[in-house]
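Visitor: Mind looking over this structure? Questions follow.
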Amino acid sequence: MATIRNLGPVAQLRSEASRHVIRYRNGRVRQSGRGLVFWFRPETASISEVPMDDREMTLFVRGRSRDFQTVAVQGTIGWHVVDPERLASRVDFSIGLRSGTFQGEPIERIEARLSGIAGQAVLQHLAASPVRALLDAGPEPLRLLLEAVLTEAPALAEIGVAPVAVRLTNLAPTSELERALQTPTFEALQQKADEATFARRALAVEKERAIAENELATRTELAQRESGLIAREAENARDRAAGLAEARGLEAASEAERIRLVEGARAEAEARRVAVYRDLPPATLLGLAARELAGKLETIEHVNVTPDLLASVMGEFRRAAPLAAPR
């Protein structure tokens with residue numbers, strides 16, 4: 001915005017570099033340029049100030065698709081002035097010579113023209129396709145269309161304005177339609193999620209089954225090994241018992257043979273002794289018996305000799321004496 005200092009019949013205007021100032025006098029251009037500083041007489045001057053910086057306006061259009069569904073388009077349009085003198089001749093950019101502010105609303109008029117051109121292009125684009133195709137394509141085709149339409153629009157070129165950039169931030173249906181359109185996708189995603197959950201559960205069950213089968217196979221193998229070990233131990237025990245029995249049998253046979261030999265020798269010796277004693281007379285036998293008895297007197301504490309025993313012994317001596325006499 002230009003700064004104006006009034007000093008009586010004259011005034012000084014000081015403008016910024018981003019503003020193009022045009023001073024008229026008697027309907028003719030006397031000065032035109034950016035960032036001017038000059039003195040003028042307010043009663044004879046008319047001044048216009050055109051902004052030369054890039055401007056942005058908000059774009060919001062609500063239209064219907066080919067299948068009669070409401071779609072909202074939202075974004076921004078950037079524009080700037082390319083011919084300030086032509087724009088000042090078509091749109092009133094005159095400023096108050098005491099305040100330095102616009103006397104009208106020139107920016108709003110330019111943005112209204114931009115909005116009208118862009119809005120018509122948006123409505124035509126929405127009406128040409130069904131809502132599903134519009135949403136699938138997204139805002140990029142419409143953005144390119146708006147850039148081409150605004151660049152080639154004669155209504156902008158004739159006032160010296162050109163678009164800078166078009167940005168679309170949203171292209172969406174109503175909330176009810178959006179929920180309805182989201183339902184199949186949501187259901188499909190939910191179905192995929194359920195399938196993934198079922199797949200994970202099936203995989204978990206399969207892994208559990210594999211683990212159970214592995215444990216069963218391990219237990220079976222351990223049982224078989226244990227059974228084989230028991231059988232081997234039983235076989236070893238039988239072999240040990242058989243070996244022990246065989247050893248004991250051999251030992252018993254050897255002992256029996258030894259006993260048989262000893263007893264045989266003893267019986268043979270006894271038989272020989274008996275044979276010797278068989279040929280001896282009774283008196284000799286009695287003498288030997290008496291001698292044997294005498295050898296046992298140390299251990300015999302009592303001896304009872306009855307008359308009958310003594311008579312019998314004496315009788316044996318008398319009968320033995322005649323048998324011994326002839327010798």
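The values are calculated or read from the model by the stated rules, or taken from the named source; none is laboratory data. Being a predicted model, the structure only gives us computed values, none of them experimental. FYI the Cβ positions are ideal-geometry reconstructions off the backbone, even for glycines, and counts take in every protein chain you see. When the accessible area is computed, the model is the full protein with side chains, heavy atoms only, and any ligands, DNA or RNA have been set aside. Shrake-Rupley method; radii C 1.70, N 1.55, O 1.52, S 1.80 Å.
Visitor: Please state the equivalent ellipsoid semi-axes for the range 127-237: what are the square roots of 5 times the Cα gyration tensor eigenvalues, largest first, in whole Å?
Guide: For the range 127-237, the ellipsoid semi-axes come out as 77, 17, 8 Å.
Visitor: Can I ask one more? Once label points are set 7 Å from the Cα along Cα→Cβ at both Glu43 and Ala157, what is their separation, rounded to one decimal in nm?
Guide: If labels sit at Glu43 and Ala157, their model points lie 4.6 nm apart.
Visitor: Moving on to the next point. Taking every alpha carbon pair in the range 87-142, what does the distance histogram look like in 10 angstrom bins from 0, in percent?
Guide: In order of increasing distance, the bins hold 20, 31, 19, 17, 12, 2 percent.
Visitor: Now for a different question. Using only Cα atoms, what Kirkwood radius does the range 195-235 have, in angstroms?
Guide: The Cα-based Kirkwood calculation yields 12.2 Å.
Visitor: How long are the semi-axes of the ellipsoid equivalent to the range 6-155, from square roots of 5 times the Cα gyration tensor eigenvalues, in whole Å, largest first?
Guide: Details: eigenvalues 370, 31, 28 Å².
Values for the range 6-155, descending: 43, 12, 12 Å.
Visitor: Return the ratio Rg/(2.2 N^0.38 Å) for the range 193-283, where Rg is computed over Cα atoms only.
Guide: Cα Rg divided by the expected 2.2 N^0.38 Å: 3.11.
Visitor: Next question. Applying a 10 Å radius around every beta-carbon, put 171-180, 42-51, 189-198 in order of their mean neighbour count, most first. The partial results should precede the final answer.
Guide: On the way: 171-180: 13.8, 42-51: 17.9, 189-198: 10.1.
Sorting 171-180, 42-51, 189-198 by mean packing, highest first, produces 42-51, 171-180, 189-198.
Visitor: Can you tell me which of 92-105, 65-78, 207-220 comes out highest on packing, and rank the rest after it, using the mean Cβ neighbours within 10 Å?
Guide: In descending order of packing, they fall as 65-78, 92-105, 207-220.
Visitor: What is the percent carbon and sulfur in the accessible area of the range 52-200, measuring with a 1.4 Å probe over the protein chains and ignoring ligands?
Guide: Carbon-and-sulfur percentage of accessible area, whole number: 52.
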